[in-house]
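Only one structure is covered here, and it is reproduced in the block below.
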């Protein structure tokens with residue numbers, strides 16, 4: 001299991017693709033702004049279909065910004081939902097921990113980017 005919250009290669013590629021530190025920081029901030037709501041949607045999914053949809057949305061967004069551990073956990077939750085099952089509480093705890101670790105690490109990356117700009 002990957003215990004690092006971020007895949008720095010993905011983040012570096014995104015920064016290079018955007019080619020503007022302000023745009024890169026803005027992209028990360030946009031993700032951070034919606035992260036709590038997206039996590040809440042997964043945790044509070046009313047049924048397996050809702051779990052799969054909410055987890056897929058969070059997995060996709062997390063993968064885009066390099067939040068690798070969070071993407072891994074949400075991909076697992078997506079598969080569980082697609083199989084018609086409810087999320088096991090221990091995996092939801094893992095989701096919450098991964099989301100917090102990603103938030104902290106991405107906020108640090110935003111701060112570092114702004115210092116370099």
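Below are the figures for this structure:
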{"item": "Filter pass, residue 15 being crowded, with 18+ Cβ neighbours inside 10 Å, within 21 Å of residue 115 (Cα to Cα) and over 16 Å from the mean Cα position of the chain (by Cα)", "result": "yes"}
{"item": "Some residue of segment 43-63 being in contact (Cβ under 8 Å) with a residue 60 or more places away in the chain and closer than 14 Å to residue 105 by Cα", "result": "no"}
{"item": "Residue match in segment 91-100 (condition: free of Cβ contacts under 8 Å to residues at least 24 places away in the same chain, under 29 Å from residue 18 (Cβ atoms) and over 10 Å from the mean Cα position of the chain (by Cα))", "result": "yes"}
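Bear in mind these aren't lab numbers, they're just calculated from the coordinates by the rules spelled out. None of the values given here were measured: they were computed from a predicted structure. Cβ sites come from the backbone with ideal geometry, for glycine too, and all protein chains shown count toward neighbours.
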